[in-house]
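A short worksheet on the structure shown next.
Every read-out reported here was derived from the displayed coordinates using simple, explicitly stated rules and does not represent laboratory data. Because the structure is predicted, anything quoted here is derived from the model rather than measured. Virtual Cβ from ideal backbone geometry, glycine too; neighbours counted across all protein chains shown.
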Amino acid sequence: MKGFDYSSNNLYFVTNCVKNNLCCFGNVISDANLGTGRDLSVHNSENPHSENPHLENPHLENFHSKNHQSYNHQSHNVVMELNSFGLILKNQIEWLENQYPYISIHNYVIMPNHFHFILEIDSSKVNANEIKIKSLSSVMGALKTTSSKQIRDFGFIDFAWHRSFHDHIIRNEKEYELISNYIDRNPQKWFEDRLFTKTQQIEFLSLTNELLYLLQL
């Protein structure tokens, strides 16, 4: 939002995607048949059967494409199973609270090629005269830089985030509950998600419009 102070005390809903929608953080699976499901380890959403030629870590051999097994995701709980790259991202999201004591992560989900979280900035937790409160953009920069470095060091040398991220300022309890529920339901809705399709470009405006529509219900 132009002119808004993104270091101010607020709750922020944030979404960030992997460059080119590359699926690299793990698998969406049915907990009724754990270990099966659609393999979304490391591939481009344009070609879900393609292997990534730039994985150089020998521990990543099991990240290549497997035979896809279908299941009825509407009749079972669906969960996100993180691989090593997903666990790196998980650790770095949780690291934010330790690195910046004025930040709290209320809820988050990591999906095969993107993540969502609710982040709170609360300057009352620290002495503002001693600690400079970083803006949301600076915090996201730290998250993206540190996670990218660790993922590349682990073997995915071409990993990159989408350059920009989507944010929404949460203004009331209704918005908070709706967005938190949306985060919780993300794995179940993965197969209906636009980020699971063959679309290469993320339309952040459409995400905003969808959220605004839901908030009006």
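For the pair D5 and V109, what calculated FRET efficiency results from E = 1/(1 + (r/R0)^6), where r is the Cβ-Cβ distance and R0 = 30 Å, to the nearest 0.05?
Computed FRET efficiency for V109 and D5: 0.65.
Spin-label point model (7 Å from Cα, Cβ direction): what's the K19 to A142 distance in nm?
About 2.4 nm separates the two model spin labels.
For A160 and N181, compute 0.36 nm times the residue count separating them, minus their Cα-Cα distance, and round to one decimal in nm.
Length gained, A160 through N181: 4.7 nm.
So for each of 161-172, 85-96 I average, over its residues, the number of other beta carbons within 10 Å; can you give me the resulting order with the highest mean first?
85-96, 161-172
Under the 0.36 nm per residue contour assumption, what length would be gained going from the current alpha-carbon distance of K125 and E173 to full extension?
15.1 nm
Among the GluC sites (Glu not before Pro) within the range 97-189, which fall in a DSSP loop and have no more than 13 other Cβ atoms within 10 Å of their own Cβ?
Hits after loop and neighbour filter: E130.
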